[in-house]
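Enquirer: Take this structure first; my questions come after.
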Amino acid sequence: MEVLCLGESMAVFTPSPSTSLRHAGELRAGVAGAESNVAVSLALLGTDAAWRGKVGDDPFGKRILDVLRDAGVDCDGVEVDPDRPTGIYFKDPRPGDGTKVHYYRAGSAASAMGPGQLAGTAPPEILHLSGITPALSETCHGLVRELVVDRALAPATVSFDVNYRPALWPVERAAPVLAGLADAADICFVGLDEAETLWECKTPDDVRARLPAVQTLVIKDGGEGVTCYEGDRRLYSPADAVDIVEPVGAGDAFASGFLYGRLKGVSASACMSLGHRLAAGALQTVGDLAAPPSPKTVKSLLEHRP
């Protein structure tokens, strides 16, 4: 396979029409998860993408597998846990104050993952994980260390999205863990805002100083732009100006575009251009995923030169 993504996917419920949970009369059901979002976006772009994880033996777990498989994602190695439930979360749009997320994932099937989860798996070209998974349990932390630090699926290129979730663990515990994992990866994605929260980094150069070993460091600064360090080389790409419907999922979309460009062997500038386009699509939809650009648009973006 070209890309293997590992993490927790959950059922997600969103008020329809977009209003606060407190006053909502109807909820729209969907499927979401940082790593499976990336797998779906890459599959829709035509990549041989797979997702691995654990789901409960319940309607939510079945729905996750149906949605991912319908998008073309390989889910053949996903485990179904007969005893633990599939995680669930709710989006709570608050006019003028963004969207808050409420998680119900403690004791989920995914939290029971641990070292050896991918034993016997053929190494993909790219292995993508995020900082959400090590927050789920000690065994999940051990699994991510096994894959990122110990390189259990070598020679796969390891991609790691910091994806700090304050609701899952406090800064004091998360900061050193996520720094160690991020710096051990080949490609790391991190938001400047979360880098400030975790490591008190104010600028992209501060983040680079905190994570000196990762070969390709991609630092996202919201709607401003993205700074990419490849070794000692520093590149900047401004973000596309878009009307934001909902920000959830934009980071996963950007990572998908960047990784697709990496698979195609194009420049970091071209990778960022496609990442921006996919992120813009996610920002303009209520769901976590948006339809990919046309093949012609993708080709044009991948031909971008700095």
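None of the figures in this text is laboratory data; all of them are computed from the coordinates on show. Just so we're clear, the structure is a prediction, and the values are computed from it rather than from any experiment. Cβ sites come from the backbone with ideal geometry, for glycine too, and all protein chains shown count toward neighbours.
Enquirer: When only DSSP loop residues count, what GluC sites (Glu not before Pro) in the range 188-224 have their Cβ near at most 14 other Cβ atoms within 10 Å? Write down the numbers at each step before the final one.
Expert: Numbers: sites: Glu194, Glu196, Glu200, Glu224; in loops: Glu200, Glu224.
Qualifying residues, ordered by number: Glu200, Glu224.
Enquirer: Starting with the fewest neighbours, write out Arg277, Arg52 ranked by other beta-carbon atoms found within 10 Å of each beta-carbon.
Expert: So the residues, fewest neighbours to most, are Arg277, Arg52.
Enquirer: Based on the Kirkwood radius over alpha-carbon pairs, what is the Stokes-Einstein translational diffusion coefficient of the range 1-158 at 10 °C with 1.306 mPa s viscosity, in µm²/s?
Expert: The estimated diffusion coefficient comes to 98 µm²/s.
Enquirer: Something else about it: Quick check for me: using +1 on Lys/Arg Cβ and -1 on Asp/Glu Cβ, what's the dipole size of the chain about its Cα centre, in debye to the nearest 20?
Expert: The dipole of the chain has a size of about 360 debye.
Enquirer: Which GluC sites (Glu not before Pro) in the range 1-65 sit in a loop by DSSP (not H, G, I, E or B) and have at most 16 other Cβ atoms within 10 Å of their own Cβ?
Expert: Answer by residue number: Glu2, Glu26.
Enquirer: Follow-up question, since we're still on this one. When the expected Rg is taken as 2.2 N^0.38 Å, what fraction or multiple of it is the alpha-carbon Rg of the range 130-200?
Expert: 1.03
Enquirer: Determine the relative contact order of the chain: mean sequence separation of Cα pairs under 8 Å and six or more apart, normalised by residue count, in whole percent.
Expert: That works out to 14 percent.
Enquirer: Debye calculation, C-alpha points only, no solvent: report log10 I(q)/I(0) for the range 66-135 at q = 0.12, 0.24 Å⁻¹, in the same order as the q values.
Expert: -0.49, -1.33
Enquirer: If the limit is 29 Å between Cα atoms, which of Lys202/Lys264; Lys91/Lys299; Lys100/Lys220; Lys62/Lys100; Lys91/Lys264 go over it?
Expert: On the way: Lys202/Lys264 33 Å; Lys91/Lys299 34 Å; Lys100/Lys220 20 Å; Lys62/Lys100 26 Å; Lys91/Lys264 35 Å.
Check vs 29 Å cut-off fails for Lys202/Lys264; Lys91/Lys299; Lys91/Lys264.
Enquirer: Given contacts defined as C-alpha pairs under 8 Å and at least six residues apart, what's the relative contact order of the range 145-257, whole-number percent?
Expert: 19 percent
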